[in-house]
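Read through the structure below, which is laid out as structure tokens, and then see the notes.
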Amino acid sequence: MTDSSPSDARLTAWVHGQVQGVGFRWWTRSRALELGLVGSATNHADGRVLVVAEGERDQLERLLALLRSGTTPGSVSLVVETWDPSRGGVVGFVER
């Protein structure tokens, strides 16, 4: 999705808990692609995973609900999200 439409948004979610070394980024990538989203899931040195996704707002809200659902690999204790307009220019969904 390189062009953004008015209904597109950008979700930035910091995921806290036991979310590294458990397949969390792979799981997040799979869910995002199923929802037609683009972006990335990135491990950080402090143990959090940063999820940045762009696409239709309702699909982003579904991804956020999945991140909080208790069905993820590992154990999510907190998800802190921010919303912004889509920036576009992002293709695919990558694990970093």
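The values are calculated or read from the model by the stated rules, or taken from the named source; none is laboratory data. What you are looking at is a predicted structure, and each value in this text was computed from that prediction instead of being measured. Cβ placement follows ideal geometry from the backbone for every residue including glycine, while neighbour counts extend to all protein chains displayed.
Within the stretch 34-48, does at least one residue satisfy the condition of being part of a helix (DSSP H, G or I) and in contact with a Pro (Cβ under 8 Å, 6 or more places away or on another chain)?
Pass one, the stretch 34-48, residues part of a helix (DSSP H, G or I): 34.
The next check asks that each one be in contact with a Pro (Cβ under 8 Å, 6 or more places away or on another chain); those that pass are none.
Checked against the condition, which is being part of a helix (DSSP H, G or I) and in contact with a Pro (Cβ under 8 Å, 6 or more places away or on another chain), the stretch 34-48 yields no hits at all.
Exactly one residue among Ser40, Ser86, Ser77 is loosely packed, with under 15 Cβ neighbours inside 10 Å and either at pLDDT 95 or above or among the polar types (S, T, N, Q) (or both), and that residue is Ser77. Exactly one residue out of Val22, Val49 is modelled with pLDDT of 95 or more, closer than 14 Å to Val76 by Cβ and touching a Lys or Arg at 6+ places or on another chain (Cβ under 9 Å), and it is Val49.
When the residues of the stretch 50-74 are filtered to those that are of a type in the set (A, V, I, L, M) and within 13 Å of Val94 (Cβ to Cβ), the one that is surrounded by the fewest Cβ atoms within 10 Å (Cβ to Cβ) is Leu50.
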